[in-house]
Amino acid sequence: MIIMQPNKIDILDVATYLIQHQNRNDYAPFKIQNLAFWVYSKYLIDFNYPMFNNDFQSWPYGAVSLKLYNTLSREKTPLNPHHKIKKNYDENIFTQQEKEIMDYIIKKYGSKHAMQ
């Protein structure tokens, strides 16, 4: 059973963290989609509740968040590590535990190509 917690974090916070902490300078929209999905999944598996609300849909090449898709479709790629896709982004919104999950995903999958 999944326990729903009030989520102060949204997918744009997660995407901005992933972009700013990337381990390569090649993060394109589809790669951010994949990494955000992996963050969501890993957190849900480890803690039995979601880190953020999601709107993921199954698309031919993987899970896609429409909110993130619509936001990233207006951005130039590759996404610069200093780039913020959320205007009022504040990294302090994340707990140490949440940062560790995102850092783990970046380390494990960040150097792979989006289609791997």
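Working carefully through the options Asn53, Asn34, find the one that is touching a residue at least 24 places away in the same chain (Cβ under 8 Å), within 17 Å of Asp10 (Cα to Cα) and either in a helix (DSSP H, G or I) or touching a Gly at 6+ places or on another chain (Cβ under 6 Å) (or both).
Asn34
With surrounded by 13 or more Cβ atoms within 10 Å (Cβ to Cβ) and on the phi < 0 side of the Ramachandran plot as the only criterion, which of Lys112, Lys107, Lys99 stands out?
Lys99
Does the range 62-116 hold any residues that are under 24 Å from Asp46 (Cα atoms), among the aliphatic types (A, V, I, L, M) and not in a loop (DSSP other than H, G, I, E, B), and which are they?
Answer for the range 62-116, where residues must be under 24 Å from Asp46 (Cα atoms), among the aliphatic types (A, V, I, L, M) and not in a loop (DSSP other than H, G, I, E, B): Ala63, Val64, Leu68, Ile93, Ile101, Met102, Ile105, Ile106.
Is it true that some residue in the range 76-91 is more than 13 Å from Asp13 (Cα to Cα) and surrounded by 15 or more Cβ atoms within 10 Å (Cβ to Cβ)?
Yes, the range 76-91 has at least one match.
Just to be sure, is Phe37 touching a strand residue (DSSP E or B) at 6+ places or on another chain (Cβ under 6 Å) and surrounded by 16 or more Cβ atoms within 10 Å (Cβ to Cβ)?
Considered against the rule, which asks whether it is touching a strand residue (DSSP E or B) at 6+ places or on another chain (Cβ under 6 Å) and surrounded by 16 or more Cβ atoms within 10 Å (Cβ to Cβ), Phe37 comes out as yes.
FYI, it's all coordinate maths here, none of it is from the lab. Quantities reported herein were computed from a predicted structural model and do not represent experimental measurements. Cβ: placed from backbone, ideal geometry, glycine included. Neighbour counts: every protein chain shown.
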